[in-house]
Amino acid sequence: MKRFRRLRSDERIRSLVRETSIDKKDLIYPLFVTEGTGIKNPVESMPEIYQYSIDMLDEILDRIRKSGISGILIFGIPSHKDEKASEAYNPDGVTQKAVRYIKSKYPELIIITDVCLCEYTSHGHCGLISGDKILNDETLPLLSKMAVSLAEAGADIIAPSDMMDGRVKAIREALDMNNFKDIPIMSYSAKFASGYYSPFRDAANSAPCFGDRKSYQMDFSNGREALREIADDIEEGADIVMVKPALAYLDVLKSARERFDLPLAVYNVSGEYSMVKSAAQNGWIDEKRIVTENLIAMKRAGADIIITYHALDFAEWQEE
Ligand code: PBG
Ligand code: ZN
């Protein structure tokens, strides 16, 4: 008989042989910044998550800085949207202004900016459209312009989430040509067309007004294809690759960890957050236990970096 229980007998021994742990520095907190002033607007489908106008950001940024996590992933919510997503690459757009502000006042935080057009287009798709088709090649120059303008504003890492083919290469070339050779790209490489994004689309006002994203995001039935997407992004110049969502895709994360040497990020998305948070608020589950168990699972599967709406709560629990 093997006596596994010998190493489970008390917390000191369990902690001695524990295989996986999470460092606060592994965590990134997503932040929604909206145009206007005096706004702290609760996102109905995401308990305890808000849209902030730039003048209202200090409260959350102070909390982020104090928590000891590494940084933030910024999503801008412009008041003007059009067919060409003009505000996405406007040097004075809300996202660019937010980046400049945070960079000047909170230089110790890593600022990652999501690069995608869906928050900026009137139709809510991630690229330009013609009829009901989402155009791939025509979208690339706009994504590149957006990436350069965010780098100019002070972004530390550029994170394309649009899922157009060839965008990592296009963005890398544009950054290099504009003197941003040293700005890394964290690519949302294996991003699945997922039902888990719906609360985010409330938070970022980015729901497509017709159709869905299945013609550009991945089919969730496909695991091997995810590895081809990741391999291609690495070839195009990605410095960090991502799997998204997290919990229903830990198999993909694990295979990616085994196959590739690059830093690997996972995005624990809005729907995953809201399911846990709302059940916890109802008293149905123990929030700390469940969040810790989930985040450890992501780490155990191979994530180096975890983007999660639980980041602040989790980091603050470590201080208790
Ligand atoms: C933009 C983007 C989305 C998310 C991150 N970047 C939404 C989408 O693709 O529809 C989802 C994040 C989340 O659900 O928390 N393309
Ligand atoms: Zn998008």
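So which of 225, 258 is more than 18 Å from residue 29 (Cβ to Cβ), over 20 Å from the mean Cα position of the chain (by Cα) and in contact (Cβ under 8 Å) with a residue 40 or more places away in the chain?
Of the residues listed, the single one that is more than 18 Å from residue 29 (Cβ to Cβ), over 20 Å from the mean Cα position of the chain (by Cα) and in contact (Cβ under 8 Å) with a residue 40 or more places away in the chain is 258.
Name the one entry in 168, 241 that is within 16 Å of ligand 2 (Cβ to nearest atom) and in contact with a Ser or Thr (Cβ under 8 Å, 6 or more places away or on another chain).
Only one candidate passes the filter, namely 168.
For every residue, the table says whether it meets (1) farther than 30 Å from residue 224 by Cβ; (2) among the acidic types (Asp, Glu); (3) under 18 Å from the mean Cα position of the chain (by Cα).
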site	(1), (2), (3)
264	no, no, yes
267	no, no, yes
273	no, no, yes
300	no, no, no
303	no, no, yes
316	yes, yes, no
320	yes, yes, no
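Quick one: in region 191-216, of everything that is surrounded by 23 or more Cβ atoms within 10 Å (Cβ to Cβ) and farther than 16 Å from residue 45 by Cα, which residue is nearest to ligand 2 (Cβ to nearest atom)?
So, considering only residues that are surrounded by 23 or more Cβ atoms within 10 Å (Cβ to Cβ) and farther than 16 Å from residue 45 by Cα, the one nearest to ligand 2 (Cβ to nearest atom) is 191.
Among the residues of region 251-258, are any under 21 Å from residue 147 (Cα atoms), in contact with a helix residue (DSSP H, G or I) (Cβ under 7 Å, 6 or more places away or on another chain) and buried (at least 19 other Cβ atoms within 10 Å of the Cβ)?
No, there is no match, as no residue in region 251-258 is under 21 Å from residue 147 (Cα atoms), in contact with a helix residue (DSSP H, G or I) (Cβ under 7 Å, 6 or more places away or on another chain) and buried (at least 19 other Cβ atoms within 10 Å of the Cβ).
For region 129-226, which helices (runs of 4 or more DSSP H) that fit wholly inside it have 2 or more residues that are within 13 Å of ligand 1 (Cβ to nearest atom), touching a helix residue (DSSP H, G or I) at 6+ places or on another chain (Cβ under 9 Å) and of a type in the set (A, V, I, L, M)?
140-153
Quick one: how many residues across region 275-317 are more than 27 Å from residue 113 (Cα to Cα) and assigned to a helix (DSSP H, G or I)?
Here the count works out to 9.
So in region 172-190, with the set limited to residues that are within 20 Å of residue 142 (Cβ to Cβ) and touching a residue at least 60 places away in the same chain (Cβ under 8 Å), which one is surrounded by the fewest Cβ atoms within 10 Å (Cβ to Cβ)?
Selected residue: 172.
Find the residue count for region 27-58, including only residues that are of a type in the set (Val, Ile, Thr), within 25 Å of residue 294 (Cα to Cα) and touching a helix residue (DSSP H, G or I) at 6+ places or on another chain (Cβ under 6 Å).
Matching residues across region 27-58 total 1.
Have a look at 38, 76 and point out the one that is out of contact with any Gly (no Cβ under 6 Å at 6 or more places or on another chain) and buried (at least 20 other Cβ atoms within 10 Å of the Cβ).
When all the criteria are applied, what remains is 76.
Please go through region 41-57 and give me each residue that is assigned to a loop (DSSP other than H, G, I, E, B) and surrounded by fewer than 18 Cβ atoms within 10 Å (Cβ to Cβ), ordered by number.
Across region 41-57, the qualifying residues are 44, 45, 47, 48.
Is it the case, given these coordinates, that residue 60 is crowded, with 21+ Cβ neighbours inside 10 Å and of a type in the set (A, V, I, L, M)?
Criteria not met by residue 60.
Identify, from the list 228, 213, the residue that is out of contact with any His (no Cβ under 7 Å at 6 or more places or on another chain) and within 15 Å of residue 270 (Cβ to Cβ).
Exactly one of 228, 213 is out of contact with any His (no Cβ under 7 Å at 6 or more places or on another chain) and within 15 Å of residue 270 (Cβ to Cβ), namely 213.
If residue 272 passes every condition in (1) in contact with a helix residue (DSSP H, G or I) (Cβ under 9 Å, 6 or more places away or on another chain); (2) away from ligand 1 (no atom under 15 Å from the Cβ); (3) not in a loop (DSSP other than H, G, I, E, B) but one, which one does it miss?
It fails just one condition, (2).
Given the residues 57, 109, 61, which is the only one that is farther than 30 Å from residue 166 by Cβ, touching a Phe, Trp or Tyr at 6+ places or on another chain (Cβ under 6 Å) and at pLDDT 95 or above?
61
Any chance you could count how many residues in region 73-89 are in contact with a helix residue (DSSP H, G or I) (Cβ under 7 Å, 6 or more places away or on another chain) and more than 16 Å from ligand 2 (Cβ to nearest atom)?
So the answer is 1.
Whether any residue in region 101-110 is surrounded by fewer than 18 Cβ atoms within 10 Å (Cβ to Cβ), more than 16 Å from ligand 1 (Cβ to nearest atom) and within 21 Å of residue 188 (Cα to Cα) is what I want to check.
yes
Residue-wise test of (1) within 13 Å of ligand 2 (Cβ to nearest atom); (2) without any contact (Cβ under 8 Å) to a residue 40 or more places away in the chain; (3) under 24 Å from residue 168 (Cβ atoms).
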{"position": "70", "(1), (2), (3)": "no, no, yes"}
{"position": "93", "(1), (2), (3)": "no, no, yes"}
{"position": "99", "(1), (2), (3)": "no, no, yes"}
{"position": "105", "(1), (2), (3)": "no, no, no"}
{"position": "112", "(1), (2), (3)": "no, no, yes"}
{"position": "117", "(1), (2), (3)": "yes, no, yes"}
{"position": "131", "(1), (2), (3)": "no, yes, no"}
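The values are calculated or read from the model by the stated rules, or taken from the named source; none is laboratory data. This one's a predicted model, so the numbers in the text were calculated from it and none came from an experiment. Positions of Cβ are generated from backbone atoms using ideal geometry, with glycine treated the same way; all protein chains shown enter the neighbour counts.
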